[in-house]
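Working notes, structure below.
The values are calculated or read from the model by the stated rules, or taken from the named source; none is laboratory data. In this text the structure is predicted, and so the values were computed from the model without any measurement. No Cβ is skipped: glycine too gets one built from the backbone with ideal geometry, and neighbour counts run over all protein chains shown. All accessible areas refer to the heavy atoms of the entire protein, side chains included, with ligands and DNA or RNA removed. Shrake-Rupley method; radii C 1.70, N 1.55, O 1.52, S 1.80 Å.
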Amino acid sequence: MVLRGLAMLFERVARSRRADFLSDKRRAQRVGVPVIVVGNLAVGGAGKTPLTIALVHALSSRGFRPGVISRGYGRAGIRPHRVSVDDDAHVAGDEPLLIARRTGVPVAVAAKRIDAARLLLQSDDIDVLIADDGMQHYALARDIEILAVDGRRRFGNGHLLPAGPLREPIERAAACDFIVVNGGRAAPDEVAMQLELMSAVALASDESIPLESFAGRAVHAVAGIAEPDRFFDALRVRGLRIEAHGFSDHHAFTPADLEFGDEFPVLMTEKDAVKCVSFARGHWYAVPVSAQLPDAFFDAVSARLADLKGNT
């Protein structure tokens, strides 16, 4: 009963805040280029970062010059920072650093995403910004909203925090331009996305090794993400016999976390690996994922962007 009461209060605040920006009581700020927000309604992982990476690659191949902005959750400091591929994760944040390394496009982080956007636009030739997360950050005006949904959990019990997993009322989904469903079954008006494991990459040498080479061997699997079981299950499907080690999302790894008393291979998510490279051992591997989405989705986003450019 108490949680339901708190959830009602949370919902009232969420509705009021969105209504203020929609009514111009609190004007959202524009930055001069189209902004795409990739976000979610439910707490927990929904595949936003792999989706962002796939979107960057798809738009780049279609002639756009994207940049990525993020809050950089868990990083030290709040000042705007242009992410370098040589950064430490505690400076850039694990997800922005991963995006910068996987895509090579300009990436910036700041406590206020509008500040990250301005930083990039001052120094880089960008014609579209992608905000990795930030669906509820209404101070930054957006032109396209892409909602990422975990196909297994969907919207949980449909209640807002703390009685359920939602940050905003469930009908908020209908206002988004695209709904991308990670795993599970997508509805006819949704976009299906599947995450596919790629070859393992040695942290110490960058050597690429097919996952199949680990099949039938004892392997440690490490995941400090919102849904560790998603990573563990994907490894098992590929025939690996794993000992699973789950950590909290954005966990700040130390060497002691990965000392398991043996020399069996240690496979971890790419998001975790960016925090472990500086003290990597020879038998530690990152396992990147690739987000698979239909070309029709990327074509539709590109067409929307072209329309926006044509109307400016």
Answer from A100, A139, A92 - the residue that is of a type outside the set (D, E), open to solvent by less than 40 Å² (accessible area, probe 1.4 Å) and within 19 Å of P34 (Cα to Cα) | A139
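Can you confirm whether E196 is in a strand (DSSP E or B), closer than 21 Å to I53 by Cα, among the charged types (D, E, K, R) and touching a residue at least 12 places away in the same chain (Cβ under 8 Å)? Steps first, please.
Details: in a strand (DSSP E or B): yes; closer than 21 Å to I53 by Cα: yes; among the charged types (D, E, K, R): yes; touching a residue at least 12 places away in the same chain (Cβ under 8 Å): yes.
Taking the combined requirement at face value, the residue satisfies it.
This table checks each residue for (1) open to solvent by 40 Å² or more (accessible area, probe 1.4 Å); (2) touching a residue at least 40 places away in the same chain (Cβ under 8 Å).
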| position | (1), (2) |
| --- | --- |
| V128 | no, yes |
| D133 | yes, yes |
| V149 | no, yes |
| H159 | yes, yes |
| L166 | no, yes |
| E171 | yes, no |
| A175 | yes, no |
| N182 | no, yes |
What single numbered condition from (1) in contact with a His (Cβ under 8 Å, 6 or more places away or on another chain); (2) part of a loop (DSSP other than H, G, I, E, B) fails to hold for F155?
-> (1)
Cβ pairs under 6 Å, 6+ apart or interchain, first in the stretch 269-285 and without any contact (Cβ under 8 Å) to a residue 40 or more places away in the chain, second open to solvent by 20 Å² or more (accessible area, probe 1.4 Å) and in a helix (DSSP H, G or I), ordered by first then second residue, are F279/P255
When you look at P106, is it of a type outside the set (D, E, K, R), open to solvent by 20 Å² or more (accessible area, probe 1.4 Å) and under 21 Å from S302 (Cα atoms), yes or no?
-> yes
What are the residues in the stretch 35-48 that are open to solvent by 10 Å² or more (accessible area, probe 1.4 Å) and under 25 Å from D307 (Cα atoms), if any?
-> K48
Which residues, counting only those in the stretch 49-61, are within 28 Å of G184 (Cβ to Cβ) and surrounded by fewer than 22 Cβ atoms within 10 Å (Cβ to Cβ)?
-> H57, A58, L59, S61
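Taking the residues in the stretch 184-195 that are among the small types (G, A, S) and at negative phi as candidates, determine which candidate is surrounded by the fewest Cβ atoms within 10 Å (Cβ to Cβ). First the steps, then the outcome.
Quick first cut of the stretch 184-195, residues among the small types (G, A, S) only: 184, 186-187, 192.
Restricting the remaining residues to those that are at negative phi gives 186-187, 192.
Numbers: A186: 16, A187: 9, A192: 17.
Only one residue tops the list, namely A187.
Can you name every residue in the stretch 62-81 that is among the charged types (D, E, K, R) and open to solvent by less than 70 Å² (accessible area, probe 1.4 Å)? Quick ask: steps written out before the conclusion?
Of the residues in the stretch 62-81, the ones among the charged types (D, E, K, R) are 62, 65, 71, 75, 79.
Answer for the stretch 62-81, where residues must be among the charged types (D, E, K, R) and open to solvent by less than 70 Å² (accessible area, probe 1.4 Å): just R75.
Taking only the stretch 199-209 into account, find how many residues are part of a strand (DSSP E or B) and of a type in the set (D, E).
From the stretch 199-209, those part of a strand (DSSP E or B) are 200-202, 208-209; that's our starting set.
Filter once more, keeping what is of a type in the set (D, E): none.
Within the stretch 199-209, residues that are part of a strand (DSSP E or B) and of a type in the set (D, E) number 0.
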Looking for whichever is within 22 Å of the chain's Cα centre (by Cα) and not in a loop (DSSP other than H, G, I, E, B) here; the options are A186, A174. Which one fits?
-> A174
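Just to be sure I understand, how many residues within the stretch 228-250 are open to solvent by 50 Å² or more (accessible area, probe 1.4 Å) and within 18 Å of the chain's Cα centre (by Cα)? It would help to see each step written out before you state the result.
In the first step, residues of the stretch 228-250 are kept if they are open to solvent by 50 Å² or more (accessible area, probe 1.4 Å); the result is 229-230, 233, 236-238, 241, 243, 246, 248-249.
Keeping just the survivors that are within 18 Å of the chain's Cα centre (by Cα) gives 229-230, 248-249.
Here the count works out to 4.
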List the number of the failed condition for G246; all other conditions in (1) of a type outside the set (A, V, I, L, M, F, W, C); (2) in contact with a helix residue (DSSP H, G or I) (Cβ under 9 Å, 6 or more places away or on another chain); (3) closer than 16 Å to P50 by Cβ hold.
-> (3)
Of all residues in the stretch 268-287, how many are outside any helix (DSSP H, G or I) and surrounded by fewer than 21 Cβ atoms within 10 Å (Cβ to Cβ)?
-> 4
